[in-house]
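Structure, as structure tokens:
Throughout, read-outs are computed from the coordinates displayed, never taken from laboratory work. Note that the structure is predicted; figures quoted are calculated from it, not measured. Glycine gets a Cβ as well: all are built from the backbone with ideal geometry, and neighbour counts include every protein chain shown.
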Amino acid sequence: MVSYYEGVGRRKAATARVRLYTEGQLGAVMVNDRPAEEYFTRFGDMEQAMEPLQAVGLEGSFFVSVHVNGGGVTGQTDAVCHGLARALLTSDPELRPTLRKGGFLTRDPRVKERKKPGLKRARKAPQYTKR
């Protein structure tokens, strides 16, 4: 029997399903069946995604498997971070104050605003002409 803890994180249009396995290659991180360093190539994205593990001091304690889709690079990074925090919470509810203090459990509600009729974009109005 394979035991794991699961958490789902979301940000903008991105959704990440994170699983923490207690067995296997402890410390390894796989994102969409590829090594995380290969998937998150931008500088700092990998560190930001794994921040909840560092905040609770459990890096290297789990094999992390992530399936992420939708959105862009930043949205996916934040979705992985959110899902990882939720998975850690299911593994040990005592971590809630630490994760809450770091802001990892709060879902970021900011999304792109829709375009309104009569405007050029969400808020930009056509230029006013007096004559």
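Some observations on this one:
- When the GluC sites (Glu not before Pro) in the range 1-68 are filtered for DSSP coil states and for at most 11 other beta-carbon atoms within 10 Å of their beta-carbon, the remaining sites are 23.
- Folded to 0 to 90 degrees: helix 73-91 orientation relative to the chain principal axis, Cα: 40 degrees
- Calculated mean residue ellipticity, 222 nm, the chain: -8500 deg cm²/dmol, from DSSP H runs (n ≥ 4) at -39500 (n - 2.57) each, averaged per residue and rounded to 500.
- Using 0.36 nm per residue and subtracting the Cα-Cα separation, the extra length available between residue 48 and residue 113 on full extension is 20.9 nm.
- Its relative contact order, with pairs defined as Cα atoms under 8 Å and 6+ residues apart, puts the range 4-102 at 43 percent.
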